[in-house]
Amino acid sequence: MNEPFFDDLTEAQATAVRHMDGPLLILAGAGSGKTRVVTCRMAHLILSGIPSANLLGLTFTNKAADEMRQRLASMVPLDDIWLSTFHRFCSRLLRHHAALVGLSENFSIFDTQDSLHALKSAVEGSDSTIIHYTPAQIARAISNAKNDLLGPDEYASRARSPLSTVTAEVYPLYQQRLLSSNAVDFDDLLLYTAKLLYENPELRQQLDDRFRYVLVDEYQDTNLAQYRIVRALSVDHPNLAVTGDPDQSIYGWRGANVRNILDFEKDYPDASTVTLEQNYRSTPNILQIANEVISHNVHRKPKSLYTDTPAGNLVRMVNYATNQEEAQQIAAGIAGLIRSDKYRAKDAAILYRTNALSRNLEHALRDEGIPYQIVNGVEFYKRKEIKDVLGYLQLANNPQNDIAFLRVINTPARGIGRKTLQRIEEFSRSNHCPMLAAIESEELLQSFSSRPGKALRQFVADFAAIRVAATSLVEELVGLVLSTTGYADQYKNSDTEEDGQRLANIQELLTAARQYDERNPDATGLDGFLEQTALVNDTDDWEVEADKATLMTLHSAKGMEFPLIFIVAVEHGILPHERSRDDLMSLEEERRLLFVGITRAQRELQISYVTHRDYRGKVRRAIPSEFLAEMPVHDMELLTSEPTSHRRQSESRDSRANNEWENNEVFADYIQDDPRPSQEVTESSRRPDLPNPVLTTAAEMLDDHGPSAADRRAEPISPDLFELGMLVNHPDYGPGKMIALSGSSDKRTATVQFLNPPQTKKFRLAHSLLRPIASP
DNA sequence: TGTGAGTTGATTTTT
DNA sequence: TCAACTCACA
């Protein structure tokens, strides 16, 4: 083969690209040029004469699919190629074969919110009681079951724990609800497809034959359902290529099973394996941190990324006083770099564990005048006003969709209240008909008194008009919904900013509808549009080209890269997340998440944590993440913006109990009264010649012991925060490790082994100046 | 039936 | 913090 793109490939990469028939495993480390390899391979297949219609590429995000398509299109002429997410692939397949799984082809796709409503209403309509568990917990359990391909019956036979017993009771009810609404949830898309392929051998064979070459991206994130689907399509033509990186498996909580990739060679004994470990993205300094962090995972195949580029700058670990300061200074730092012309706004990304952490950062960027885009704020299609309008379309497309019915029947308010709804529900249940059909029945309508009866008749008439238009262009249909229902009026007569935003969103929905119409002139129709609204997410309209800084979660960052990366809130309870602390497997997943974040960075990486964090409405003392203690700090630049001599001194504070740190008022007070000249800080940081504004070196964390204890008086801290093996810091003795703990409450005593000079000391925790650095 | 205040309770990550 | 839900009142 003599395709031009072979020139730029390394030997390992070229091997993967050249591979054509038979199973192939590409173990691709972060930044090893995987996407390139994958697209080159597809191009190679096409240029070798394989019709593109025989290729199937499955990804997890639309963005990955789009990127692949674009790159591929730039290499070879493309006409008919199936490159999409798992969910979209399944959705399309199911539309064609809906009857085989008991659905009609116009089935609705419930998002998480809709599913939860369905679940609640299923429980309400039964005599089953769910004690001790929230619908969300049960929904989660059902989702897990589906990802493991367990139907209600199989699940019930295995239910043992209290939660699963309750779930076993609810699961069939929920499933009935979905079925009677002619709807599926996200998990059903996979489950039904897997079922379809297993129960219909001829169909399976036919699809296997059509999709001769299957490629799966991010294979480490596949769950059992996806695994089965992929395998079913690779029986007669086992030309299955999978790529992935076990170290980047971060969706275990969603049922992803790393074993799928680890066992690939067992599943396909004749598989070829290509390992890509050379990194083309990051500097050696960044890679060193990444390698070091990930090496702490026990359940792992050892692997090490390397590169031959110049070392680059040291990775920075920064301690800020508060989250506000963290945000401001990062924004100021980015602003400085932009002014210095070294970087542009689009080069920077700020990554965090949870979406809730984005708020300060947004404010700070706005204050600095840095344009930014935020990935996955409140997703567009999940906003109330959008879901309301879409509800009409969903109901028009699938009149059985009771969840959509319930959403729109009294939106905007038409005087159809709880009592009326109850009767509709009863009628619908006893007559086994959808709610919309119920209110179209004279029998029910006549039983109502004049007011609700009239309102219902009006709705039926209005909706009939909408339904007639269901076959026209989507934009027209949305327009018709708006004009018939007067939905937008409630926002028009208001001048609050929020309502203005809602109006704007509705406008944008019209735009989205028009774009859809333009792109799909042959009209897959309403189905296709609704599918899109259910299956896209905000990562997908992330603008690559825009010169804007990016804010997003560590999860969404997977697959991306930026010259400048800031990872914030690397703190105990946040990263690793509260709920992942106890269990080794999830703790390791958290570590991989951090690894993913680190390996996004091309040139500069900063990792930060704060001393006080305002989170969930409370200001609390934050503890640095244990992961920080796993980093090779001697090869990093350690900074703090909280000079210890500035710590607040107050006698009265000592008398307060040790759990004072939980007391929100005390710390709100602490922060407001902080004597530090925050104004000046901001000013100085505006200077372009100071890319690292106001940060003083935090020697205290390591070699230097900082000012003496007399110089400061730390606020009390709960002894409960200390654990055996934890790394701690003492103002006079420096860093050390907790080697023993005894006593309780006020008398709780710790024995600490200090490093430099080596010595052992005992402390009463309630009164000591010891502070945790990290857990073992 | 609709509204608004007040309470409660939950809070990861996403197709 | 914030959204969902409850409850009292118009």
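Readers should treat all values here as calculations from the given coordinates under stated rules, not as data from a laboratory. Fair warning: this is a prediction, and the values are worked out from it, not measured in the lab. Note: ideal-geometry Cβ built from the backbone for every residue, glycine included; neighbour counts use all protein chains shown.
Tabulated data
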| item | result |
| --- | --- |
| Value of Rg/Rh across region A:263-316 [Cα atoms, Kirkwood radius] | 1.11 |
| Protection-proxy order for peptides A:45-53, A:247-255, A:412-420, each taking the mean of Cβ atoms within 10 Å per residue, highest first | A:247-255, A:45-53, A:412-420 |
| Of A:Lys303/A:Lys342; A:Lys63/A:Lys387; A:Lys34/A:Lys266; A:Lys303/A:Lys346; A:Lys195/A:Lys266; A:Lys34/A:Lys63, those spanning more than 26 Å from alpha-carbon to alpha-carbon | A:Lys303/A:Lys342; A:Lys303/A:Lys346 |
| Under 5 Å, built H, 5+ apart or other chain: amide partners of A:Val315 | A:Glu637 |
| Using θ = phi - 60° and Karplus 6.51 cos²θ - 1.76 cosθ + 1.60, couplings along region A:88-94 (whole Hz; Gly, Pro as x) | 5, 4, 5, 4, 4, 4, 5 |
| Radius 10 Å from Cβ of A:Glu475, net charge of other residues (Lys, Arg +1; Asp, Glu -1) | -2 |
| With 10 Å bins from 0: P(r) over region A:53-185, alpha-carbon pairs, percent | 11, 33, 28, 17, 8, 2, 0 |
| Base-10 log of normalised Debye intensity for region A:545-647 (one unit scatterer per alpha-carbon) at q = 0.12, 0.14 Å⁻¹ | -0.46, -0.63 |
| Under Karplus coefficients 6.51, -1.76 and 1.60, residue-wise ³J(HN,Hα) of region A:416-429 in Hz, glycine/proline x | 10, x, 4, 4, 4, 4, 4, 5, 4, 4, 4, 4, 5, 5 |
| Charge context of A:Gly312, other residues only, Cβ under 11 angstrom, K/R +1, D/E -1 | 0 |
| Local electrostatic count at A:Ser143 - Lys and Arg +1, Asp and Glu -1, tallied over other residues with Cβ under 13 Å | -2 |
| From phi via Karplus (6.51, -1.76, 1.60), per-residue ³J(HN,Hα) for region A:33-45 in Hz, x at Gly/Pro | x, 4, 4, 5, 4, 4, 5, 4, 5, 5, 4, 4, 4 |
| Rg(Cα) / (2.2 N^0.38 Å) computed for region A:114-242, rounded to two decimals | 1.21 |
| A:His432 versus A:Gln278: modelled label distance in nm, points set 7 Å from Cα along the beta carbon direction | 6.7 nm |
